[in-house]
Amino acid sequence: MKRAWPLVATVAVVGLVFLAVFPTRTYLTQRRDLSNTERRLAVLSSQNQELSGRVARLNTEAEIERLAREQYNLVRPGEEAFAILPPPGPPALGQDEEAPTQEPRGVWGQLWDRITFWS
């Protein structure tokens, strides 16, 4: 009987440790998940407020007019629209003009081109 008492006490202590450790680990994991979820909720709430403000701005007549003018180049009746053209580029080759041709290179020139290709 004297030998059984330490064994029973050890089993009881190990059982209590298991009963304390696993729920505590679960509790800490749930607290971490809750904290992460609350942080994400705060970010999403702020994004939601920004988007709601943007929707409210986009529903105004002034914003609709601004977007129509900027994106679609629309004007009100009676207004004149002006288009600023880009500066002219180099002249295109005409039908009577030929593109400059490269003179044929000799064997040594072709060999030199292959050697110096990667440098």
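Nothing in this text is a laboratory measurement; each read-out follows from the coordinates by a stated rule. Keep in mind the model is a prediction, meaning the values are calculated, not measured. Every residue, glycine as well, gets a Cβ built from its backbone with ideal geometry; the counts of neighbours run over all protein chains shown.
Using +1 on the beta carbon of Lys and Arg, -1 on that of Asp and Glu, and nothing else charged, what's the dipole of the chain about the Cα centre, debye to 20? Show your work: numbers first, answer last.
On the way: 14 positive and 14 negative charges, 418 e Å.
It works out to roughly 2000 debye.
Whole number please: convex hull volume per residue of the Cα set in segment 26-79, in Å³?
Numbers: hull volume 3.8 nm³, N = 54.
In segment 26-79, the Cα hull volume divided by residue count equals 70 Å³.
Identify, among PHE18, THR101, GLY53, the residue whose Cα sits farthest towards the positive end of the charge dipole of the chain, taking +1 on the Cβ of Lys and Arg and -1 on the Cβ of Asp and Glu, with the dipole about the Cα centre.
PHE18
Go through ALA81, LEU44, LEU67 and say which Cα lies farthest out towards the positive end of the charge dipole of segment 35-94; charges sit on Cβ, +1 for Lys and Arg, -1 for Asp and Glu.
LEU44
Nearest 10 degrees, 0 to 90: what angle lies between the long axis of helix 61-72 and the longest principal axis of the chain (Cα atoms)?
It works out to around 50 degrees.
Determine ³J(HN,Hα), in whole Hz, for all residues of segment 30-41 in sequence, where each value follows from phi through the Karplus function 6.51 cos²θ - 1.76 cosθ + 1.60 and θ = phi - 60°; x replaces Gly and Pro.
Rounded to whole hertz, the list is 5, 5, 5, 5, 5, 4, 4, 5, 5, 5, 5, 4.
For the chain, how big is Rg over Rh, using alpha carbon atoms and the Kirkwood form of Rh?
Working: Rg = 39.8 Å, Rh = 25.8 Å.
Ratio of gyration radius to Kirkwood radius for the chain: 1.54.
With n ≥ 4 as the cut-off for DSSP H runs, can you work out [θ] at 222 nm for the chain, using -39500 (n - 2.57) per run divided by the number of residues, rounded to the nearest 500?
Rounded to the nearest 500, the figure is -22500 deg cm²/dmol.
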